[in-house]
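The next block holds one structure in the form of structure tokens; read it before the comments.
None of the figures in this text is laboratory data; all of them are computed from the coordinates on show. Here the structure is a predicted model, which is why all the values come from computation and not from measurement. Counting neighbours? That spans all protein chains shown, and the Cβs are built from the backbone with ideal geometry, glycine included.
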Amino acid sequence: MAFYRDCKWGPWLFKKNLIYLCIVGLMLLAFGLNIKAEQPVSPIYKRILKWSDEEAQTSNTAVTWQPKAGIKWQIQLENPVDDISMDADVFDIDLFDNTHATISRIHTKGAKVICYLSAGTYEDWRSDASKFSDSDFGNELEDWPGERWLDVHSNNVRQIMKSRLDMAQNKGCDGVDPDNIDAYGNDNGLGLTEADSINYLDFLSSEAHSRGMSVGLKNGGDIIASIIEKMQWSVNEQCAQYDECDVYAAFTDVNKPVFHIEYVGDIDVNMKIKTRVTNEEKSTVCNVKSADKFSTVIKNMDLDAWVQYC
């Protein structure tokens, strides 16, 4: 009986074991393919590209606009915007100086609008300047009369910024460009550090996203790795001049734009300005655009309507 039982069940047990082995083999194969699909990433990019399901859910479900690297832009912070004839995908304009009607007119041509505000400094000419308290102020900014660094931990400062973001939302801005977030690299008089700027940008990005607006990092190259996942772009000034464009390329490496400005000075806007940008200046700037897929413009120092594209 034992021999018969072994003869009867032996083939079935062999098939059963073979099925198990096949299942285990397929699982190991799938695991191996998954490991192969995940290409090695350097430590800095592991930090930059890290985006857990929990972070994705809590940081920004309302934002609908994530521009891609390399799109064309225009920035004008001097005077209300009038000329929108240039073929730009994005206009970066002053929040206070421009109306809902102006922003709607830009939208009509199919372009997006980023609204500029100084998030890290007090400007004595703004309509809400009286809302700040003396305790909010740090040192004056060198070469910028009427500006002082702000205590970014102040509840009063944060409430004012919330009101400014409400204004941006009501005017129809697609995103915001919060300037002067890099007090840590300046004599701010408040002891503000990189960690303070990161905390403040966490606050600003959360508030902007909750209002359905995108947000970008203005300069602040030292804190890119800590904040890039919450930013939809970078606005950079003069990385070619200071030889630091490779730092900001972290954005284009993940297909987020670097809206890049290089300045030329002493240009009379009543002249044929394009002839005043030397071939050497243009070549240096445009090589950056080509190499790193930056959205590059050449501008006057006062950021008026004139723009030179590569």
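Within 10 Å of each residue's Cβ, count the other Cβ atoms and sort 149, 306, 65 from fewest upward.
65, 306, 149
Using the number of other C-beta atoms within 10 angstrom as an exposure proxy, rank 280, 140, 262, 147 with the fewest first.
280, 140, 147, 262
From the square roots a ≥ b ≥ c of the eigenvalues of the alpha-carbon gyration tensor of the stretch 53-309, which class results: rounded (a/c under 1.5), prolate (a/b over b/c), or oblate? Please report the intermediate quantities before stating the final value.
Details: a/c = 1.33, a/b = 1.27, b/c = 1.05.
The shape class here is rounded.
Would you tally the net charge around residue 134, using a Cβ to Cβ cut-off of less than 14 Å, leaving residue 134 out, and scoring K and R as +1, D and E as -1?
-2
Nearest-5 percent of antiparallel DSSP beta bridges in the stretch 53-309?
Working: 7 of 36 bridges.
Bridges in the stretch 53-309 that DSSP calls antiparallel: roughly 20 percent.
Can you classify the stretch 150-240 as rounded, prolate or oblate using the Cα gyration tensor, where a ≥ b ≥ c are the square roots of its eigenvalues, rounded means a/c under 1.5, and otherwise it's prolate if a/b beats b/c and oblate if not? Each step should come with its number before you reach the end.
On the way: a/c = 1.85, a/b = 1.23, b/c = 1.51.
Since a/c reaches 1.5 but b/c is at least a/b, the shape of the stretch 150-240 is classed as oblate.
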